[in-house]
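Structure record follows, encoded as structure tokens.
Just so it is clear, none of the values below were taken in a lab; they were calculated from the coordinates. None of the values given here were measured: they were computed from a predicted structure. With ideal geometry, Cβ positions are generated from the backbone for all residues, glycine too; neighbour counts draw on all protein chains shown.
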Amino acid sequence: MARLGRAVLLASLLAAGSWFLGAGGGHALCVQEGTAAPDFTLETLEGGSVRLSALRGKPVLLVFWATWCPRCMEQLAFLQGLQTSLGDRLAILAVNQETQLLSPAHVAKLREELRERGISLPVPLDRELSVWKDYCIGALPTTVILDREGIVRFAEPNFYWASREKIEGVLRGLGVGLP
């Protein structure tokens, strides 16, 4: 019986480790550094729409996130600070991944939660999860940074791997003056 218990424990640890690696550095995204980012047009939380290719001419940081993800909310706070200090030198789109088939009441709640947290980043709503699929997002948050021509210069899932330091380093490499 003790042997069975150890086997179950070992299997559980292996499964957890596989999930952890799959949700982080081991997950392959469809977008690869040096390739053009797939274009998209999405409705925004603010009521307008945004087309990725319309942002060419400045670096773009995409973050895929959801409110139920604590690391996502931590990253959004960091990115809000970047946006505040950099202004229009960097476009940040916080692509929400929880809005598929959600009611207007949930969208209003999402808007209110961001307001309470002081987050004023543009929030495209990926209602059909089409961008999620085009980019092969498998973990939240996922960060993708594009250069001024729309070429992927950084793509990494999870704020553990796509750390503040890595993000700032990529932005410096793109000539975005950081404070």
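Some points to look at:
- Within the stretch 97-179, GluC sites (Glu not before Pro) in DSSP loop having at most 14 other beta-carbon neighbours inside 10 Å: Glu128, Glu149
- Global geometry of the stretch 91-137, whether rounded, prolate or oblate, following the gyration tensor of its Cα atoms and the 1.5 cut on a/c: oblate
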